[in-house]
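Structure record follows, encoded as C-alpha cells.
The values are calculated or read from the model by the stated rules, or taken from the named source; none is laboratory data. Because the structure is a prediction, the values reported are computed rather than measured. Quick reminder, even Gly has a Cβ in these numbers, built from the backbone with ideal geometry, and neighbours come from all protein chains shown. Ligands, DNA and RNA are stripped out before the accessible areas are found, and what is left, the full protein with its side chains, is counted by its heavy atoms. Shrake-Rupley method; radii C 1.70, N 1.55, O 1.52, S 1.80 Å.
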Amino acid sequence: MSFASDTKTELCKVTDRFCCRKAECYGMLLFGRSFSPAGISLTTESQGAARRAAELSAEATGAIMDVASVQLRRRGGIFSYTVSSVGSGQAEKVVHALGHTGKEISLHINLANLENECCHAAFLRGAFLTCGTVTAPESGYRLEFTVPYMNLANDLSSLIRDILVLDLEPHVSRRKGAFVVYLKGSEHVSDFLTYIGAPEAAMALMQVRMLKNLRNEVNRKTNFEAANIEKTASAAAQESIAIKKIRRCGKLSAMPKDLKPLAALRLRYPEMSLRDLGQHLSPPLSRSGVHHRLQRILEYAEKLKVEK
Ligand SMILES: [Zn+2]
C-alpha cells in the first residue's frame, strides 16, 4: 500500500454531520471525470473512496450510483474503480440537488453546498479522495489535485488559500491537458492532511521529516546518541501536532501560564532538543523540567475534543 492510499483509507473513516457529508459528496463528484446531466462519473484506485462516493451520493442526493472495477495489468494488477450514475435522470437529479443547472459554460464551485465552516474541510476531503494524491514522505513533501478544468482548479486553489487557520499558498500548473493544484513542504502538507481528517498520515510525515533532519544532525555531531533519534523524532512530531491542535481550537491563550512560552517555542523550533528548549526559556528550565511540561501540553491537547 502506498502512502497516498493509506491516507485515503484513513480519510474514509471520518464520520461527519449531515451538512459535511453533503459537502464531501459534492467535492467527490465535482472533481470526478464528468459532472453534468449527461452523466456523473469518477475513477479512483481506492475501493474505500469508491464505496464512500456511492453511499454519500445516495444519502445527499438520493441518486443511485454504480461501482465497477477493472484490474489494470499494465500497472502491476492494481484495481481501478469507477463510480457512475445509472439510468436516465439520475445524473440530472445529482446536478440539480447540488445546485447546478447543468447548463453552465464552465464549472465553478457552488459555495452554497458548503453550508457551514465545518463543511470546507469535508469538501476538500472529498476532492482529495477523488483527484488528489500525496507523495510518500521518504520521497518528498507534495500534495496535489489533478483537475480537468481551469476554473475549477482556480476555485479550489482560492478555497485552500482562504482557510485562515492553515495559511497555505497553493500553486496551479498545467500537466498533460489537466490543471494541477499543489502544496509543497512538510509543514503545509501535514497541516492540510490534519485539516481534512488524516492526522495519522500527517504525523507519519512529520516523523519522517524530523528523522531526516536529526540524521543530518547526527552526521555533524558524532557524539549524538544515534539510537535515540527515532524516539526523539516521534516525540517532537507529536508535540508539534498537539500544539497545532490547541491553536486550531483557539485554546493557546487559555493554556496554563507556565506552558504557554514552551508551546510557542516548540511551534517555532519543531526540532530543537529539550536541553536547548530549556535554555531558551526565561528563567531557563532543566531538560527534565521541559520534558515534564511537554507531557502536560500533550495531555492538555488530548482533552480538547474538536478535531479540526
Ligand atoms: Zn458541515
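In the elastic network of the chain, a GNM with C-alpha springs shorter than 10 Å, the most mobile of Lys93, Lys212, Lys103 is Lys103. Extension gain for Glu59-Met1 works out to 17.9 nm (0.36 nm per residue, less the C-alpha to C-alpha distance).
Note on region 163-199 and region 234-260: Cα centroid distance 23 Å, given to the nearest whole angstrom. Restricting the calculation to Cα atoms, region 136-189 yields a radius of gyration followed by a Dmax of 11.4, 33 Å. At 1.4 Å probe size, what's the solvent-accessible area of Tyr149? Round to the nearest 10 Å². Ignoring ligands and nucleic acids, Tyr149 comes out at about 100 Å².
The residues packed around His96, meaning those with a beta-carbon under 15 Å from its beta-carbon, carry a net charge of +1 if Lys and Arg are +1 and Asp and Glu are -1.
The residues packed around Leu152, meaning those with a beta-carbon under 13 Å from its beta-carbon, carry a net charge of -1 if Lys and Arg are +1 and Asp and Glu are -1.
Extending 7 Å from the Cα toward the beta-carbon at both Arg175 and Ser36 defines two label points whose distance is 2.5 nm. The HN-Hα couplings worked out from phi for region 132-140 by the Karplus form 6.51 cos²θ - 1.76 cosθ + 1.60 (θ = phi - 60°) are x, 8, 9, 5, 4, x, 5, 9, x Hz, whole numbers, x standing for Gly and Pro.
Here the Gaussian network model covers the chain, with springs between Cα atoms less than 10 Å apart; of Ile109, Ile241, Ile229, Ile229 fluctuates the most.
For region 196-303, what class follows from the C-alpha gyration tensor (a ≥ b ≥ c being the square roots of its eigenvalues): rounded when a/c is under 1.5, otherwise prolate if a/b is larger than b/c, else oblate? The shape class here is oblate. Ordered from largest to smallest accessible area (heavy atoms of protein chains, 1.4 Å probe), the residues Arg75, Arg161, Arg296 come out as Arg75, Arg161, Arg296. Computed with the Debye formula from one identical point scatterer per Cα of the chain, without solvent, the log10 of I(q)/I(0) at q = 0.10, 0.12, 0.16 Å⁻¹ comes to -0.62, -0.83, -1.26. Considering the chain as a Gaussian network with a 10 Å cut-off on Cα pairs, which listed residue, Gly62, Gly132, Gly48, attains the greatest mean-square fluctuation? Comparing Gly62, Gly132, Gly48 in a Gaussian network model of the chain, the most mobile one is Gly62.
Based on the Stokes-Einstein relation at 25 °C and a viscosity of 0.890 mPa s, and on the Kirkwood radius from alpha carbon pairs, region 3-184 is assigned a translational diffusion coefficient of 148 µm²/s. When Rg and Dmax are taken over the Cα atoms of region 53-102, they come to 13.7, 41 Å.
Cβ-Cβ distance of Gln279 and Asp258, R₀ of 25 Å, FRET efficiency by 1/(1 + (r/R0)^6): the value works out to about 0.95. You can think of it this way: the chain between Leu298 and Lys251 has 15.6 nm of extra reach, that is 0.36 nm per residue less the Cα-Cα gap. The residues Asp16, Asp258, Asp167, sorted by heavy-atom accessible surface at 1.4 Å with ligands and nucleic acids left out, run Asp167, Asp258, Asp16 from largest to smallest.
In terms of distances greater than 32 angstrom between alpha carbons, the cross-link table entries Lys22/Lys212; Lys13/Lys212; Lys22/Lys184; Lys176/Lys245 yield Lys22/Lys212; Lys176/Lys245. What separates the Cα centres of region 50-126 and region 12-33 is a distance of 8 Å.
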